[in-house]
Amino acid sequence: MFEVLIDQFWSLTIAGIALGFIYVLISLGYTMVYGVLRMINFANSEIFMWGTFGTVITNRDIFHYTQTSEPAKGWKLALVLISALLMSMFVAALTAVFVEFVAYRRLRMKGTNRLATLISAIGISIALAELMRLLTDSRPVGSPRVLEKMILTEVWGANIRLDTVVTIIAAAIIYILLERFIQLSRMGKAIRAVSQNEDSAKLMGVNLNRVITVTFLVGGLATGAAGFFYITVFEYTKFNIGFTMGLAAFTAAVLGGIGNIRGAFLGGLSLGLLEVYASAVLGTQWKAVTVFIVLVLVLLFKPNGLFGEAVQQTRA
Amino acid sequence: MNSKIQRSLAVVSAAALVFGVAAATNAQAAVKTYTIAYQGPLSGGEASTGIDEQNAVKYAAKLFMKKNPNIKIKIVSVDDQGDPAVASTVAPGTGSNKSILGVVGPAYSGATIASLPYYKAGGLVMISPSATRVSLTDPASPDFGGPVFHRVVGKDDLQGPALAKYATTGVSSAKVFVFDDQSAYAVPLRGFVEAGLKKVAGATVVGGGDSVPNTTTDFAPTIAKIKTSGATVVIYTGYYSQAAIFIKQLRDSGSTAIFAGGDGVFNQEFPKLAGASAEGSRITGVGGLAGISPKLEADFKKQMGVSSGVYSVESYDAANILLEGIKAGNTTRAKMLKWVKAYKGKSVSGNTIKFDANGDISYGLFAGFTTKNGVLVNTGIIK
């Protein structure tokens with residue numbers, strides 16, 4: 001039963017960490033909005049899906065890579081990758097701000113109840129997915145390979161591949177930048193102030209609408225970056241990938257303690273590893289069951305998630 | 001509604017009906033229109049399969065109308081996206097539309113099962129070109145499609161052994177890892193592949209296999225199992241879009257094991273999505289019109305503007321059975337069902353089509369395809 005886990009432990013671990021970092025970035029989109037609004041941004045899954053198309057379009061239509069073209073090298077590689085990353089972040093951030101504007105802002109101004117906002121977010125999420133379905137003719141879209149997936153070195157029997165290394169390092173950098181932004185910048189402090197006490201923050205002169213827009217924007221940037229890494233690793237997207245990935249990332253956010261940025265980080269990584277280990281030991285058919293049993297068990301003993309209470313002060 | 005208005009409406013609509021019918025009869029003296037339906041995925045991830053099949057149905061109708069200028073055939077497109085959930089929303093309308101005399105399709109087994117209750121209720125005969133799940137013609141199964149369901153394609157209990165044989169051709173003492181996508185199509189097919197492997201000399205099933213949800217994009221755990229098992233052949237029963245993601249990851253992991261798949265992977269989109277990683281893959285599928293007669297294929301291309309695609313032979317055969325039935329005057333659903341049940345005729349492939357009591361034909365032809373320079377190339381019938 002455990003022979004696969006023992007035999008392939010490091011390969012699985014590296015794959016799990018790479019997947020985990022993608023979850024971390026998407027779950028930031030959920031956790032930041034929750035921290036400020038105390039509401040789940042149901043459209044975040046589709047913001048992610050739209051983000052993946054940013055990378056596909058950059059690779060395929062701007063730099064004209066095809067399924068048969070040679071992967072990029074040197075400066076060209078850096079240029080294409082960074083353009084694709086920025087494009088995905090841009091598309092996702094734009095979508096996120098649009099969602100905030102359409103589904104949240106007006107309803108909030110009118111003081112409607114939370115259920116109305118919840119439904120309007122679900123509605124816009126469905127609209128975004130269906131629009132992409134129509135645009136892509138419901139077909140899966142493959143992305144050309146830009147980053148050659150060469151094996152850099154072998155550590156403890158596991159192949160260390162360029163794309164996973166790039167994903168882990170770059171995603172970690174983006175996470176740290178965002179975390180520092182929330183911790184140190186004036187805007188970050190305003191976001192934290194609103195999340196701790198909205199009324200007091202308003203009395204202190206914080207511009208609530210601006211804080212909320214920036215929160216969606218930052219969440220969108222993180223989610224868009226996740227879209228870029230997803231394409232770099234899997235080279236595939238489709239109008240309906242948001243649901244599975246969104247649900248996983250939302251689970252990660254709850255696992256770590258929703259509303260808590262460090263919780264999202266640890267939740268995402270734990271989930272990525274848990275998924276690959278469970279699939280390897282029990283068979284992939286048990287992945288979802290295992291993940292949700294673990295989630296329920298964690299919530300039974302720690303209702304606020306693994307790190308919900310301990311790092312309350314760093315809440316986004 | 002006011003009774004006066006109601007009465008005048010009735011008069012108006014009756015008048016419209018009389019004059020409308022009269023006008024139509026005057027305009028085109030003896031031309032009669034009959035309707036058949038094609039059901040399959042015309043949008044969604046599997047759309048290319050459905051579009052290919054529907055083109056072959058349209059082609060059959062075109063040839064038929066040329067030969068029989070006094071009959072006009074209307075084809076209703078029923079788009080089920082290959083998805084049982086969608087099928088159960090579109091099938092009721094098809095079942096109750098009495099002008100539809102017969103259905104070519106559904107293309108997929110899961111969608112067929114979801115549609116069956118409505119077609120059984122409506123007595124609507126179905127001839128599927130590609131639904132290969134065994135239980136559809138098994139009277140002991142709850143999925144049994146009788147009396148309305150028929151198919152002109154070999155079942156998965158014939159495909160499984162063919163796939164096992166083709167995947168292991170030229171591999172001595174093959175160690176085979178088999179996994180499925182958890183769908184109603186893939187799980188039983190995997191069983192037939194594993195049973196078929198027992199009859200292949202020297203072949204063993206290794207690693208315990210896997211069962212991967214069809215929304216999976218990260219195949220790392222499956223690949224870890226393949227590596228631990230030391231498999232030399234990997235067989236996937238599932239569909240092409242997942243197969244393309246998987247094969248890329250398998251090759252990137254450094255594995256050189258032979259990759260093989262069933263007719264779910266049999267789609268030219270597979271090498272397009274997977275690129276170079278798909279080279280050398282072994283896929284079981286059906287030969288197509290081009291494999292039977294280049295002349296027919298050339299005419300198809302001329303008439304339809306595109307090449308014939310997957311299941312073109314089967315779709316063409318299925319449409320022809322219904323069309324011949326219309327010509328023979330079976331213009332009610334009950335007569336059409338009787339006609340199909342008693343049908344005996346020639347497939348364009350040269351085989352004799354005759355349905356047994358459960359709706360199956362007696363032959364099953366599976367051809368082996370391999371990916372070469374980004375296209376699936378026919379290597380001939382698997383014997």
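Can you find a residue in segment A:195-204 that is closer than 22 Å to residue B:181 by Cα, over 13 Å from the mean Cα position of the chain (by Cα) and either of a type in the set (Lys, Arg) or within 14 Å of another protein chain (Cβ to nearest Cβ) (or both)? No, because not a single residue in segment A:195-204 is closer than 22 Å to residue B:181 by Cα, over 13 Å from the mean Cα position of the chain (by Cα) and either of a type in the set (Lys, Arg) or within 14 Å of another protein chain (Cβ to nearest Cβ) (or both).
Of the strands (runs of 3 or more DSSP E) that lie entirely inside segment B:320-383, those containing 2 or more residues that are under 20 Å from the mean Cα position of the chain (by Cα) span B:352-354, B:367-372, B:375-381. You will find that of A:125, A:143, the residue that is away from every other protein chain (no Cβ under 13 Å), crowded, with 21+ Cβ neighbours inside 10 Å and either closer than 20 Å to residue A:9 by Cβ or touching a residue at least 40 places away in the same chain (Cβ under 8 Å) (or both) is A:125 and no other. Selection of segment B:252-266 for residues being in contact with an Asp or Glu (Cβ under 9 Å, 6 or more places away or on another chain) and within 11 Å of chain A (Cβ to nearest Cβ) yields only B:252. Each residue in segment B:202-218 was checked for being more than 7 Å from chain A (Cβ to nearest Cβ) and touching a strand residue (DSSP E or B) at 6+ places or on another chain (Cβ under 9 Å), and 7 pass. The selection criterion, being in contact with a helix residue (DSSP H, G or I) (Cβ under 9 Å, 6 or more places away or on another chain), of a type in the set (S, T, N, Q), within 10 Å of chain B (Cβ to nearest Cβ) and in contact (Cβ under 8 Å) with a residue 40 or more places away in the chain, does not hold for residue A:260.
Within segment A:193-206, the set of residues being without any contact (Cβ under 8 Å) to a residue 12 or more places away in the chain and assigned to a loop (DSSP other than H, G, I, E, B) comprises A:197, A:204, A:205. Among the numbered criteria (1) within 24 Å of the chain's Cα centre (by Cα); (2) under 22 Å from residue B:223 (Cα atoms), which one does residue B:285 miss? For residue B:285, the exception is condition (2).
Name the residue, out of B:361, B:326, that is outside the structural domain of residue B:53 (by TED's automatic domain parsing), out of contact with any Pro (no Cβ under 6 Å at 6 or more places or on another chain) and among the β-branched types (Val, Ile, Thr). Residue meeting the stated conditions: B:361. Residue B:248 meets all of the listed conditions (1) among the charged types (D, E, K, R); (2) surrounded by fewer than 24 Cβ atoms within 10 Å (Cβ to Cβ); (3) more than 11 Å from every other protein chain (Cβ to nearest Cβ) but one, namely (3).
Residues of segment A:1-14 that are in contact with a Leu (Cβ under 9 Å, 6 or more places away or on another chain) and in a helix (DSSP H, G or I): A:4, A:5, A:12, A:13.
When we screen A:227, A:267 for residues that are within 14 Å of chain B (Cβ to nearest Cβ), of a type outside the set (A, V, I, L, M, F, W, C) and under 24 Å from residue B:219 (Cα atoms), the only hit is A:227. Do any residues in segment B:69-91 that are on the phi > 0 side of the Ramachandran plot and at pLDDT below 95 have Cβ atoms under 6 Å from those of residues that are buried (at least 19 other Cβ atoms within 10 Å of the Cβ) and not acidic (Asp, Glu), where the two are at least six apart or on different chains, and which pairs are they? Matching pairs, first to second residue: B:81/B:41; B:81/B:44; B:82/B:41; B:82/B:108; B:82/B:111. Scanning segment B:17-68 for residues that are aromatic (Phe, Trp, Tyr) and modelled with pLDDT under 90 returns a single hit, B:19.
The values are calculated or read from the model by the stated rules, or taken from the named source; none is laboratory data. Because the structure is a prediction, the values reported are computed rather than measured. Because the Cβ atoms are built from the backbone with ideal geometry, glycine has one as well, and the counts that use them run over all protein chains shown.
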